[in-house]
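Read the structure below first, then the notes.
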Amino acid sequence: NGVYEAGLDLDYPMAILFKSTNGGQAWTWLGDWYNEGIPAFCDIYDDNYEDALYDNTVEVNPHNPNDVIVGGNCNYASPWPDPIRNPARYLQTPWHGIVYRSIDGGSNWVDATPAADNYVLTTNLWNGLPVYTYTDVLTNKSIHPDVHAAAYDWSANRIYVVQDGGLARVTFTGAGTNSSADYNWENLNNDLGTLQFFQFGSHPTDPRLIQGGMQ
């Protein structure tokens, strides 16, 4: 609301994004996801996850400053309002909204990881509105969440994305405004040897035995 509120503003789990067009001398707030200013690429209103404090990225195309992607964890909540404000229906969605792209400097955003594009009406109601559920998950329309970095391969209309699941690449087709048709993902993890230990512990009576858990 434009007024600093210590408890709320330090804790509210949502993505906020600022834009500078003069090398950082001045910044403009692009809005919040609920008001459809920017997408919910880092935590959302009811998921209680705050890991996107350390796994999110904003990348600008070095050859086109109006072309930008943002990536973070995921939209885990379901059903999902459609549209977000004043919804006419709810979508029973798979995980989606991991990477978003804008080609007009942040005025409009496209979900580059929609995960599903076909929904059918169910008999359920949510907040008095009809609920539609997805029929299948499209593997070339989504990636593992928790994005840490990305890089444009502008000459080939591609972006490489590093996340907790490894490495993925998306190839753009069309104008880039169609979430379902214009983004196709590939998993590039074959023969990729990268592992991250999260925790390990030794056996309580045999110090020769150590067990670890890796991402």
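The values are calculated or read from the model by the stated rules, or taken from the named source; none is laboratory data. Note that this is a predicted model, so its numbers are computed, not measured. Counting neighbours? That spans all protein chains shown, and the Cβs are built from the backbone with ideal geometry, glycine included. Surface accessibility is based on the protein's heavy atoms, side chains included, excluding ligands, DNA and RNA. Shrake-Rupley method; radii C 1.70, N 1.55, O 1.52, S 1.80 Å.
Does residue 153 satisfy the condition of being exposed (fewer than 10 other Cβ atoms within 10 Å of the Cβ) and farther than 22 Å from residue 81 by Cα?
Working: exposed (fewer than 10 other Cβ atoms within 10 Å of the Cβ): no; farther than 22 Å from residue 81 by Cα: yes.
No, not satisfied.
Could you check how many residues of the range 186-209 are in a loop (DSSP other than H, G, I, E, B) and either closer than 30 Å to residue 103 by Cα or open to solvent by 50 Å² or more (accessible area, probe 1.4 Å) (or both)? If you could, list the steps in order and put the result at the bottom.
Within the range 186-209, the subset in a loop (DSSP other than H, G, I, E, B) is 188-196, 203-209.
Now drop any that are not either closer than 30 Å to residue 103 by Cα or open to solvent by 50 Å² or more (accessible area, probe 1.4 Å) (or both), which leaves 188-196, 203-205, 207-209.
The number of residues fulfilling the criteria is 15.
Which pairs have Cβ atoms under 6 Å, sit 6 or more apart or on different chains, and link a residue in the range 107-120 that is touching a residue at least 60 places away in the same chain (Cβ under 8 Å) to one that is charged (D, E, K, R) and assigned to a strand (DSSP E or B)?
110/101; 112/101
Looking only at residues in the range 173-184 that are open to solvent by less than 60 Å² (accessible area, probe 1.4 Å) and in contact (Cβ under 8 Å) with a residue 40 or more places away in the chain, which one is nearest to residue 111 (Cα to Cα)?
179
Starting from the range 76-104, take each residue that is small (Gly, Ala, Ser) and list its partners that are in a strand (DSSP E or B) and buried (at least 21 other Cβ atoms within 10 Å of the Cβ), counting only C-beta distances under 6 angstrom and pairs at least six apart or across chains.
Matching pairs, first to second residue: 97/75; 97/111; 102/68.
Conditions (1) open to solvent by 50 Å² or more (accessible area, probe 1.4 Å); (2) at pLDDT below 75; (3) not polar (S, T, N, Q), marked per residue:
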{"position": "7", "(1), (2), (3)": "yes, yes, yes"}
{"position": "23", "(1), (2), (3)": "yes, no, yes"}
{"position": "75", "(1), (2), (3)": "no, no, no"}
{"position": "85", "(1), (2), (3)": "yes, no, yes"}
{"position": "92", "(1), (2), (3)": "yes, no, no"}
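Any residue in the range 119-131 that is more than 16 Å from the chain's Cα centre (by Cα), surrounded by fewer than 14 Cβ atoms within 10 Å (Cβ to Cβ), assigned to a loop (DSSP other than H, G, I, E, B) and of a type in the set (A, V, I, L, M)?
Checked against the condition, which is being more than 16 Å from the chain's Cα centre (by Cα), surrounded by fewer than 14 Cβ atoms within 10 Å (Cβ to Cβ), assigned to a loop (DSSP other than H, G, I, E, B) and of a type in the set (A, V, I, L, M), the range 119-131 yields no hits at all.
Considering (1) modelled with pLDDT of 95 or more; (2) surrounded by 10 or more Cβ atoms within 10 Å (Cβ to Cβ), say which one residue 147 fails and leave the rest.
Of (1) modelled with pLDDT of 95 or more; (2) surrounded by 10 or more Cβ atoms within 10 Å (Cβ to Cβ), only one is false for residue 147: (1).
Determine which member of the set 104, 136, 46 is over 13 Å from the mean Cα position of the chain (by Cα), modelled with pLDDT of 85 or more, farther than 24 Å from residue 166 by Cβ and surrounded by fewer than 18 Cβ atoms within 10 Å (Cβ to Cβ).
Numbers: 136 fails: farther than 24 Å from residue 166 by Cβ; 46 fails: modelled with pLDDT of 85 or more.
Selected residue: 104, the only one of 104, 136, 46 that is over 13 Å from the mean Cα position of the chain (by Cα), modelled with pLDDT of 85 or more, farther than 24 Å from residue 166 by Cβ and surrounded by fewer than 18 Cβ atoms within 10 Å (Cβ to Cβ).
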